[in-house]
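Here the structure comes first, spelled out in structure tokens, and everything after it is commentary.
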Amino acid sequence: MQGPVPEDLAVVVDARGVITVWSDGARRLLGYEPDEIVGRAVDRLLAAGLPGSTRRHVTDGQRWTGEVALRHRDGDRVVVRLHGTPLLGADRRRLWLVTGTAVAHTARRAGHGALTLWDLTLAQLPVPVAVYDREARLVAANEIMTQVMGRSEEEMKGLTLREIEPGPPFDEYDRLQREVLRTGDMIFHEQHGQAPGETRRHAWSMFLSPLTDETGAVQGMSATVFDTTEQYWARRRLAVLNDASLRIGSTLDVTRTAEELAEVAVSGFADFVTVDLLESVALGDEPEPVAPDSPVTVRRTAQRSVLEGSPESVVASGDVTLYPVDTLPVRTLVAGRGSRHQPGDPGLREWIRSSPARAEAVSRHMIHSVMMVPLRARGVTLGLVHFLRHRTPEPFSEDDLLLAEEIVARAAVSVDNARRYTRERRTALALQRSLLPDRPPDLAAMQVAYRYLPAGSGADVGGDWFDVIPLSGTRVALVVGDVVGHGIHASATMGRLRTAVRTLADVDLAPDELLTQLDDLVLRIDREEGPEARGRAAEASGQVGATCLYAVYDPVSRRCTMARAGHPPPALVTPDGAVRFLDLPAGPPLGLGGLPFEAVEVELEENSLLALYTDGLVKAADHDMDAGRSLLREALGHPAEALEETCDQVLRTVLTGRPADDIVLMLARTAALGAGKVRTWQLPPEPTAVARARKMAVGQLAAWGLAEAEFTTELIVSELVTNAVRYGGSPIELRLIRDSALICEVSDGSSTAPHLRRARVFDEGGRGLLLVAQLSERWGSRQTPTGKTIWAEQPLPAEP
């Protein structure tokens with residue numbers, strides 16, 4: 001039977017779902033020591049999922065109450081009624097205070113009588129607590145509560161709050177208590193003021209909770225009070241810094257962020273501000289450590305003054321300057337703390353006199369107060385900010401220094417983010433460009449042109465990719481894909497997927513089968529590298545995903561087989577100029593797993609134009625897919641003669657501004673192999689078919705003027721047809737293709753894949769495929785709807 005839950009069950013969870021505070025009551029309830037649980041994810045405590053209403057309240061950042069199944073350290077399941085209250089931390093991130101009461105209370109006897117819930121918990125709680133009966137009269141209060149109220153427990157017993165302290169805010173507290181007793185719902189209330197027993201004002205967070213018996217009837221209520229004064233003043237400071245929060249860090253640009261810092265300071269409390277960044281930071285590289293025995297090179301990144309043109313400055317914006325060894329700026333950078341100075345201070349006087357121009361500016365503008373604050377983020381020094389006053393008569397105060405440090409600290413994070421963004425974007429873009437094709441391959445099946453546009457400066461480089469893959473039999477595969485997310489990780493995932501597609505295309509998988517294999521790969525990447533990965537048995541996090549369109553075009557049959565995984569459908573422009581979007585089954589995005597993909601075969605006229613693209617292209621038109629497709633249809637309606645010009649024409653028409661996402665556009669104009677380049681023969685499944693096939697192949701080579709290739713081709717045809725007759729099944733077909741290479745294909749009705757092996761000395765067979773591999777430049781097999789095709793490719797004889 002479940003015992004009572006300690007009343008001081010209190011847990012604090014940060015915005016990432018990590019436990020930061022673990023009370024003694026929580027330890028007694030669930031058995032975990034603080035060092036075992038603090039810093040861990042709160043999910044590990046759940047024995048079952050949260051109720052739907054609770055999940056919605058958590059997502060919306062609203063207070064919630066609900067029964068939750070928790071897991072004890074020894075594995076037992078404990079059901080507790082929890083209350084979650086959102087708080088705002090000093091860094092403006094949401095915190096959750098979670099307290100608990102038992103679902104059902106049972107009395108436990110010890111000594112000479114029954115110990116009530118209050119007897120078990122009152123003396124142990126480090127926060128003010130009081131218990132009231134059904135008439136809102138005080139039953140008991142712990143020692144801390146009596147100290148806050150300035151009265152003993154005996155003085156307050158039997159009285160309501162209105163009777164204990166007539167007038168506000170206690171009349172409001174009394175009303176809230178009666179509402180809890182009437183409705184049976186917990187109420188959370190915040191108040192800032194001076195308690196009767198306190199000498200200064202405090203901020204209080206009060207939890208007024210009903211106390212119910214085994215039948216659920218309300219028998220009284222408890223009041224638990226937490227001192228949140230520090231959080232209250234943190235919110236007040238955040239309000240004062242609201243202007244800085246709104247204006248600093250509006251862009252991911254290092255220079256602009258420094259300018260915003262200077263503008264906020266000048267409009268707020270300083271007359272002249274300069275922002276000097278370390279040279280390495282200004283260039284977007286990793287900051288170099290500041291050594292006390294070395295001069296420091298900085299770049300004047302921003303400066304602002306209440307005077308037009310910043311006449312106080314002795315260094316122009318963008319110029320590089322040097323802080324000599326053992327000067328006040330270097331000592332401030334090394335110390336890592338801000339400081340206030342007046343011109344008479346020895347350190348500042350020495351710094352001023354080190355430069356005649358600086359000494360003249362201080363004298364002319366009567367600068368009388370200076371603050372130097374290091375620009376530091378994540379424990380790393382990025383630069384130094386100077387705050388000066390010459391028009392404001394009052395010198396900088398200690399509060400001014402605290403405010404300056406707050407503003408600089410905020411700006412430092414924004415500067416560091418901008419620096420990291422610039423470096424990561426530069427690296428990711430270089431990585432992605434290195435993973436994409438350099439130039440279109442020379443193909444007989446089609447002409448191809450493409451464009452890749454990375455997103456604008458407002459977002460990281462994405463995971464869009466494309467590829468053109470030559471296949472056997474002069475066929476060609478077109479691939480366009482888009483990995484979820486941005487940055488280096490998306491680019492790396494894109495590279496893995498592109499490599500996987502090339503590998504699977506080499507096996508000559510059908511488009512739907514290839515997407516199935518790619519789906520499994522994305523799931524595996526998600527399990528291994530997703531943010532919730534916990535080893536081999538980890539479940540998919542859903543954070544790694546992609547869309548893809550895969551198409552295979554055969555110039556002999558002029559048929560194109562396509563399948564897509566959540567990707568936008570391709571557009572087709574027929575030779576007469578008609579434009580339509582092909583109706584392909586959408587298919588699920590890659591990474592969901594377990595859902596089928598469906599391939600569609602379309603016959604294309606010669607000189608048709610296929611347009612493959614990522615969703616960034618059509619979303620670029622006011623973020624409306626339909627409007628984007630209409631613009632794309634309009635742009636493709638009158639294609640230029642050259643594909644490169646058509647690509648530029650499409651981008652000019654569809655893009656109305658800087659793209660918010662990466663864009664890939666690939667155009668392919670189809671061609672067809674004429675009858676003069678392809679010969680096909682149907683063969684009977686008989687041994688005599690081998691000689692007949694050799695004779696027909698030699699005759700065709702003679703007609704093509706390729707007599708030099710007759711001997712090799714005769715051997716290849718002989719071995720492939722022999723294998724088809726001996727191990728395959730009807731129908732058997734021989735096909736010769738003359739393109740940039742001479743291709744020999746033998747198809748049969750068996751789906752058994754051939755295997756290359758090395759025959760032993762006394763084996764009578766097993767050398768056929770080995771011979772084919774030695775004679776040809778490339779060889780392989782692919783599955784067909786009726787069986788398989790084995791092909792061998794050899795270079796054409798050199799022209800005489």
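Would you mind stating whether Ala412 is of a type in the set (Gly, Ala, Ser), under 28 Å from Asp345 (Cα atoms), outside any strand (DSSP E or B) and not assigned by TED's automatic domain parsing to the domain that holds Thr656?
Considered against the rule, which asks whether it is of a type in the set (Gly, Ala, Ser), under 28 Å from Asp345 (Cα atoms), outside any strand (DSSP E or B) and not assigned by TED's automatic domain parsing to the domain that holds Thr656, Ala412 comes out as yes.
Considering region 55-80 alone, what residues qualify as being at pLDDT below 75 and in contact with a Lys or Arg (Cβ under 6 Å, 6 or more places away or on another chain)?
Matches in region 55-80: Glu67 only.
Can you find a residue in region 678-686 that is surrounded by fewer than 19 Cβ atoms within 10 Å (Cβ to Cβ), farther than 30 Å from Ile737 by Cβ and of a type outside the set (Lys, Arg)?
No, region 678-686 contains no residue that is surrounded by fewer than 19 Cβ atoms within 10 Å (Cβ to Cβ), farther than 30 Å from Ile737 by Cβ and of a type outside the set (Lys, Arg).
Residues of region 689-711 being under 19 Å from Ser747 (Cβ atoms) and either polar (S, T, N, Q) or outside any helix (DSSP H, G or I) (or both), which ones?
Gln700
Among the listed residues Thr301, Thr274, Thr321, identify the single one that is β-branched (Val, Ile, Thr), under 22 Å from Val362 (Cα atoms) and in contact with a Gly (Cβ under 8 Å, 6 or more places away or on another chain).
Thr301
At least 2 residues that are assigned by TED's automatic domain parsing to the domain that holds Gly193 and at pLDDT below 85 in each: list the helices (runs of 4 or more DSSP H) lying fully within region 94-160 that qualify. Steps first, answer last, please.
Numbers: elements: 117-121, 143-149, 153-156.
Here the list reads 143-149, 153-156.
Looking at Arg679, Arg758 in this structure, which one is charged (D, E, K, R) and modelled with pLDDT under 90?
Arg758
Tally the residues that are small (Gly, Ala, Ser) and buried (at least 20 other Cβ atoms within 10 Å of the Cβ), restricting the search to region 471-504.
Number of matching residues: 6.
Tell me the residue from Ala640, Ala660, Ala635 that is assigned to a loop (DSSP other than H, G, I, E, B), in the same structural domain as Glu603 (by TED's automatic domain parsing), touching a helix residue (DSSP H, G or I) at 6+ places or on another chain (Cβ under 6 Å) and small (Gly, Ala, Ser), please.
Ala640
Listed residues Asp400, Asp442; which is out of contact with any Asp or Glu (no Cβ under 8 Å at 6 or more places or on another chain), of a type in the set (D, E, K, R) and not in a helix (DSSP H, G or I)?
Asp442
What is the residue count in region 236-292 for residues that are under 30 Å from His192 (Cβ atoms) and either at pLDDT 90 or above or of a type in the set (Ser, Thr, Tyr) (or both)?
2
Given the criteria modelled with pLDDT of 90 or more and not β-branched (Val, Ile, Thr), does Tyr421 qualify?
Here the answer is no, as Tyr421 does not meet what is asked.
Take Ala672 and decide whether it is under 30 Å from Thr614 (Cα atoms), in a loop (DSSP other than H, G, I, E, B) and either at pLDDT below 90 or within 54 Å of the chain's Cα centre (by Cα) (or both). Spell out the reasoning first.
Working: under 30 Å from Thr614 (Cα atoms): yes; in a loop (DSSP other than H, G, I, E, B): yes; either at pLDDT below 90 or within 54 Å of the chain's Cα centre (by Cα) (or both): yes.
For Ala672, the condition - under 30 Å from Thr614 (Cα atoms), in a loop (DSSP other than H, G, I, E, B) and either at pLDDT below 90 or within 54 Å of the chain's Cα centre (by Cα) (or both) - is met.
Name the single residue, out of those in region 323-371 being assigned to a loop (DSSP other than H, G, I, E, B) and among the charged types (D, E, K, R), that is farthest from Leu403 (Cα to Cα).
Within region 323-371, the first condition is being assigned to a loop (DSSP other than H, G, I, E, B), and the residues that meet it are 324-327, 336-338, 342-345, 354-355, 366-368.
When the remaining residues are screened for being among the charged types (D, E, K, R), the result is 326, 337, 345.
On the way: Asp326: 27, Arg337: 13, Asp345: 22 Å.
Filtering first and then ranking leaves Asp326.
Somewhere in region 485-493, is a residue within 30 Å of Glu605 (Cα to Cα) and at pLDDT 80 or above? Please lay out each step first, then the result.
Step one: filter region 485-493 for residues within 30 Å of Glu605 (Cα to Cα), giving none.
Among the residues of region 485-493, not one is within 30 Å of Glu605 (Cα to Cα) and at pLDDT 80 or above, which makes the answer no.
Regarding Val480, is this residue assigned to a strand (DSSP E or B), modelled with pLDDT of 90 or more and within 15 Å of Gly545 (Cα to Cα)? Break it down into steps so the answer makes sense when it comes.
On the way: assigned to a strand (DSSP E or B): yes; modelled with pLDDT of 90 or more: yes; within 15 Å of Gly545 (Cα to Cα): yes.
Criteria met by Val480.
Answer yes if at least one residue in region 572-580 is assigned by TED's automatic domain parsing to the domain that holds Val544, closer than 20 Å to Cys647 by Cβ, charged (D, E, K, R) and outside any loop (DSSP other than H, G, I, E, B), and no otherwise.
yes
Residues are listed down the side, and each one gets a yes or a no for (1) under 26 Å from Ala492 (Cβ atoms); (2) free of Cβ contacts under 8 Å to residues at least 12 places away in the same chain; (3) surrounded by 19 or more Cβ atoms within 10 Å (Cβ to Cβ):
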{"site": "Met372", "(1), (2), (3)": "no, no, yes"}
{"site": "Leu375", "(1), (2), (3)": "no, no, yes"}
{"site": "Thr381", "(1), (2), (3)": "no, no, yes"}
{"site": "Phe387", "(1), (2), (3)": "no, no, yes"}
{"site": "His390", "(1), (2), (3)": "no, no, yes"}
{"site": "Arg419", "(1), (2), (3)": "yes, no, yes"}
{"site": "Leu435", "(1), (2), (3)": "yes, no, no"}
{"site": "Arg439", "(1), (2), (3)": "yes, yes, no"}
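When the residues of region 336-349 are filtered to those that are small (Gly, Ala, Ser) and in contact (Cβ under 8 Å) with a residue 12 or more places away in the chain, which remaining residue is surrounded by the fewest Cβ atoms within 10 Å (Cβ to Cβ)?
Ranking the qualifying residues of region 336-349, first place goes to Gly336.
(1) more than 23 Å from the chain's Cα centre (by Cα); (2) at pLDDT 90 or above; (3) among the acidic types (Asp, Glu): which one isn't true of Asp506, the others all being true?
Failed condition: (2).
I need a count of the residues in region 550-567 that are touching a residue at least 60 places away in the same chain (Cβ under 8 Å) and of a type outside the set (D, E, K, R).
8
What about Ala599, is it farther than 14 Å from Thr547 by Cα and without any contact (Cβ under 8 Å) to a residue 60 or more places away in the chain?
In short, no.
Being within 27 Å of Gly699 (Cβ to Cβ), modelled with pLDDT of 80 or more and outside any strand (DSSP E or B): is that true of Ser730 here?
Here the answer is yes, as Ser730 does meet what is asked.
Mind checking which residues of region 352-367 are charged (D, E, K, R) and either touching a His at 6+ places or on another chain (Cβ under 7 Å) or within 14 Å of Val315 (Cα to Cα) (or both)?
Hits for region 352-367 are Arg358, Glu360.
Given the criteria at pLDDT 90 or above, touching a helix residue (DSSP H, G or I) at 6+ places or on another chain (Cβ under 6 Å) and in the same structural domain as Phe466 (by TED's automatic domain parsing), does Thr561 qualify?
Taking the combined requirement at face value, the residue satisfies it.
Scan (1) among the charged types (D, E, K, R); (2) in the same structural domain as Gly787 (by TED's automatic domain parsing); (3) in contact (Cβ under 8 Å) with a residue 60 or more places away in the chain for the single condition Arg692 breaks and write down its number.
If we test Arg692 against (1) among the charged types (D, E, K, R); (2) in the same structural domain as Gly787 (by TED's automatic domain parsing); (3) in contact (Cβ under 8 Å) with a residue 60 or more places away in the chain, just (3) comes out false.
Among the listed residues Glu288, Glu263, identify the single one that is under 21 Å from Ala409 (Cα atoms), surrounded by fewer than 21 Cβ atoms within 10 Å (Cβ to Cβ) and in contact with a Leu (Cβ under 7 Å, 6 or more places away or on another chain).
Step by step, each of Glu288, Glu263 is checked, and only Glu288 is under 21 Å from Ala409 (Cα atoms), surrounded by fewer than 21 Cβ atoms within 10 Å (Cβ to Cβ) and in contact with a Leu (Cβ under 7 Å, 6 or more places away or on another chain).
The values are calculated or read from the model by the stated rules, or taken from the named source; none is laboratory data. Predicted, not measured: the structure shown is a model, and the values here were computed from it. Neighbour counts run over all protein chains shown; Cβ positions are idealised from the backbone, glycine included.
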